[in-house]
Structure formats: C-alpha cells, structure tokens
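See below for the structure under consideration.
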Amino acid sequence: MLGAMSSLLDQYRVGQRVRVTQQTPRLSGAFITTVEGIVQRFGAQKTGSWFAHSKDDKLWMDRLELRKDDGEIIILNLDRYSHVEPL
C-alpha cells in the first residue's frame, strides 16, 4: 500500500492547490470529508506506533500537509479511501 500511495504523492508539488476527499467506512454508509488547500509538504512519515515491525520499528504513513485559504495548516493521513485531485 505504501509503495502505491507514495508513487501517487510524486505527482504533487509544493504550492499546488488540491482537493482531498476522504471516506471513513461505517456500518450505515461512509462518512465523507472534503478539504481544499495549497500543498506545503508531502511524503511518507513514521508514526509513533511502536508495534509495527517495519523500518525503524515504526509504522510509515503517507501524509499530505495543506494550508487552507483561512491560513489553517492541516495534516492528512492518506489511505486507500483518500482521493487527491489537483485543481
């Protein structure tokens, strides 16, 4: 999963405007959120999870940092339910 998502992150550049739609599966449908902003940073970053048996004994997740129009900085963990669309 990480390899496939990381190759998608290579498509984006700092300063590019994107729309990210994420879905959280639930028993009765999905919870859907959408956010737009300017890419500040992106790439795989390790989490604080100590139980993951991978590089550095940490879980690596693809993250995208955006600056929204109101100046708020948000960090999104991208997964298979995330759709990033260049604007």
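The values are calculated or read from the model by the stated rules, or taken from the named source; none is laboratory data. Please read these numbers as outputs of a predicted model, since none were measured by experiment. Please note: Cβ atoms are built from the backbone with ideal geometry, for glycine as well, and neighbour counts cover all protein chains shown.
Exactly one residue out of K55, K46 is at pLDDT below 75 and basic (K, R), and it is K55. Of all the residues in segment 1-21, those that are at pLDDT 85 or above and either surrounded by fewer than 15 Cβ atoms within 10 Å (Cβ to Cβ) or not aliphatic (A, V, I, L, M) (or both) number 7.
Out of T33, T24, one residue alone is at pLDDT 90 or above and either closer than 15 Å to H83 by Cβ or not β-branched (V, I, T) (or both). It is T33.
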